[in-house]
Amino acid sequence: MRRVIIAGNWKMNKNLQESIDLANFIKRSLFDIADVEIVICPPFTSLSDVEEVIMDSNIKMGAQDVYWEKEGAFTGEISCSMLKSAGCEYCIVGHSERRLLFGETNETVNKKTKALLREGLKPIVCVGEKLEERKNGRTFSVVKDHVEKSLSGLTRDQMLKIIIAYEPVWAIGTGLNATKDEAQEVHKYIRSLLKAMYDEELAKSVRIQYGGSVKPDNIKELISQEDVDGALVGGASLKADSFCAIVKNCL
Ligand code: 13P
């Protein structure tokens, strides 16, 4: 049984006080939710203060990126152990904004994923095609490339700790979400890739989130799909009301 997981990716939003306020509101509103795994991903500067707020609650925390080296002269970068010591359990890697704006590649995503697993953190690995690629009928080949290369060389046990987020780039921040059928089609395809890479049992166990213009009014039909196990939410995670409504609409 795959437990539904809703994660809020705050991206480059919320200063320290705004982060604390949002985390407090979410904690208070969702304290009695046990059937959905809830994760918030604040910016680096807010992590340890948000951890103070959500400590001992049902809300978990993730970071939005990481660097794979353990420590050293890598100005501006953040290591896995730093994230862990700040209270993170999860970390997003390979987000399309990082792939498109900051030169992230499947190879760097793979290094980050392995480094997180070594440190006991759970990677949320993002994959997904651009509009042009979808129009040219390349959705499956792009997703295959992202999945196989970003997740190459993982043991079966490591793979079981991964969350995959299917985020079609054309649906991110556009208000134009994938339909439930479009999402299901790709999620099912990702599961078939996992089956080919490992086995059927593993493919059935890994959780696959959908991301891209998820809102309170479309989450229900998205997670009603057999292979959609939750959502990675951007814009709608920045307002407590909409994020909490998304979580509650999964019940
Ligand atoms: P939006 O929900 O704003 O479309 O963003 C999705 C996303 O990129 C989550 O990582």
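The values are calculated or read from the model by the stated rules, or taken from the named source; none is laboratory data. All of these numbers come straight from a predicted model, not from anything done at the bench. With ideal geometry, Cβ positions are generated from the backbone for all residues, glycine too; neighbour counts draw on all protein chains shown. Heads up: the accessible areas ignore ligands, DNA and RNA and are worked out on the full protein's heavy atoms, side chains in. Shrake-Rupley method; radii C 1.70, N 1.55, O 1.52, S 1.80 Å.
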Exclusive hit being without any contact (Cβ under 8 Å) to a residue 24 or more places away in the chain and open to solvent by 70 Å² or more (accessible area, probe 1.4 Å), set Glu77, Glu107: Glu77
Any hit, the range 186-194, residues being open to solvent by 40 Å² or more (accessible area, probe 1.4 Å), free of Cβ contacts under 8 Å to residues at least 40 places away in the same chain and away from the ligand (no atom under 15 Å from the Cβ): yes
Residue in the range 239-251 that is surrounded by the fewest Cβ atoms within 10 Å (Cβ to Cβ), counting only those that are free of Cβ contacts under 8 Å to residues at least 40 places away in the same chain, closer than 17 Å to Ile223 by Cα and of a type outside the set (Ser, Thr, Tyr): Ala245
Scan of the range 222-238 for residues that are away from the ligand (no atom under 16 Å from the Cβ) and crowded, with 16+ Cβ neighbours inside 10 Å, ordered by number: Gln225, Asp227
Residue among Leu131, Leu154 that alone is within 16 Å of the ligand (Cβ to nearest atom) and open to solvent by 10 Å² or more (accessible area, probe 1.4 Å): Leu131
Cβ-Cβ under 9 Å pairs, at least 6 apart or on other chains, the range 111-139 side free of Cβ contacts under 8 Å to residues at least 12 places away in the same chain and among the basic types (Lys, Arg), far side more than 16 Å from the ligand (Cβ to nearest atom) and open to solvent by 10 Å² or more (accessible area, probe 1.4 Å): Arg138/Glu132
